[in-house]
Amino acid sequence: MLVEQSMHPGWLSNTWLVADRPGGHAVLVDTGGPPDPILRKIEALRLTVTHVLCTHHHHDHIANNALFRKRTGCEICGHALERQLIGSLDRELGDGETIRSGDLEIRALHIPGHTQGQLAFVVDAEAVFTGDTLFRGSVGGTRAPGHATFADLKRSIMEVLMALPKETAVYPGHKEPTTVAAEWETNPFIRAWRGLDPPGRSPCTIHGETAELLLRAADYDGGTKCWVRLGPGGGEEIVPGSAVIDA
């Protein structure tokens, strides 16, 4: 399996090109990265691109869908819950559904949280492309457009992604790759949810709402991401650190 990355300099969002071999077949996971480096790789490696696999509908992940469909003739694929938000899907993929591209076998995993129709893609049981659910050292937020719930996000990470073999490579929607093993041991959110590092309980506000700050950790963009409990009875959320004001 060959993997090539193109990352947008502002959004820090990735387009991943995944191929079975030079001269073979390939898929793209998300299209928010600059397209030219990917198009050059497709030409240099003589690849037939069969699918664009959309992890979710946010613009920084689908910006070049139409361009790649026009240039390669590939199918645009995503979850049914994202269809109207993506704007155009050639094929809907449900949880556990598999597709083939040459010698690549790709299994879709429904991992709601950051969005309701968020998908991850497991390729050849070696790698998983996690969109905006799991990053290197961080996790996705639960207040983005089309979001699901904190409980959904936590379940998707702890019961779906962390259940993959520990040697599985993780290619997130933003910034650098990692592994399931590395995130299991070092990701601050996962460590807290495993009960290894107890959360704090400091008062704060989020857009004027009273809350408790349970965890603040570094995020992929150089800022921070926070796990908070809204009160009273407001539930839990993952939000950008910029939204949290210490009391």
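Shown here for region 1-56: trypsin sites (Lys or Arg not before Pro) in loop regions (DSSP other than H, G, I, E, B) with at most 11 other Cβ atoms within 10 Å, namely ARG46. One-quarter of the Cα convex hull surface for region 1-142, in nm²? Across all orientations, region 1-142 yields a mean hull projection of 7.6 nm². Stretched out straight at 0.36 nm per residue, the stretch from SER242 to ALA182 would grow longer than its current Cα-Cα span by 19.0 nm. Given their separation in residues at 0.36 nm each and the Cα-Cα distance between them, LYS70 and THR98 gain 7.7 nm when the chain is fully extended. To put it simply, the accessible area of the chain at a 1.4 Å probe is 51 percent carbon and sulfur.
Most simply put, the chain has about 75% antiparallel DSSP beta bridges, counting only bridges with both residues inside it. Each listed q (0.22, 0.25 Å⁻¹) maps to a log10 I(q)/I(0) for region 63-165, found by the Debye formula over equal Cα scatterers with no solvent: -1.26, -1.42.
Of all lysines in the structure, the ones whose alpha carbon falls short of 23 Å from that of LYS70, not counting any fewer than 8 places away in one chain, are LYS41. With only Cα atoms counted, region 173-247 has Rg and Dmax values of 13.2, 38 Å. Accessible surface calculations at 1.4 Å, restricted to protein heavy atoms, place region 1-132 at 40 Å² per residue.
Each residue, ARG143 and GLU126, gets one label point 7 Å from its Cα in the Cβ direction; the gap between the two is 4.1 nm. When the surface is traced with a 1.4 Å probe over the full set of protein chains, GLU75 keeps roughly 70 Å² accessible. Taking 19 Å as the cut-off, the amide N atoms of region 135-170 that come nearer than this to a point 7 Å along the Cα-to-beta-carbon line of LEU196 belong to 135-140, 154-170.
For the chain, the C-alpha radius of gyration sits at 1.01 times the compact-globule guess of 2.2 N^0.38 Å, with N the residue count. A crude spin-label estimate for the pair LEU2 and ARG155, with each label 7 Å from Cα along the Cβ direction, gives 4.0 nm. Sorted largest first by accessible area at a 1.4 angstrom probe radius, with every protein chain in place, the residues ASP60, ASP95 fall in the order ASP95, ASP60. Just how many % of Cα pairs in region 110-247 lie over 24 Å apart, if you round to the nearest whole percent? Percent of Cα pairs beyond 24 Å in region 110-247: 25.
The values are calculated or read from the model by the stated rules, or taken from the named source; none is laboratory data. Please read all numbers here as calculations on a predicted model, not as lab measurements. Every residue, glycine among them, receives a Cβ derived from its backbone with ideal geometry; neighbour counts consider all protein chains shown. The protein model used for the area step is the full one, side chains on, heavy atoms only, and it has no ligands, DNA or RNA in it. Shrake-Rupley method; radii C 1.70, N 1.55, O 1.52, S 1.80 Å.
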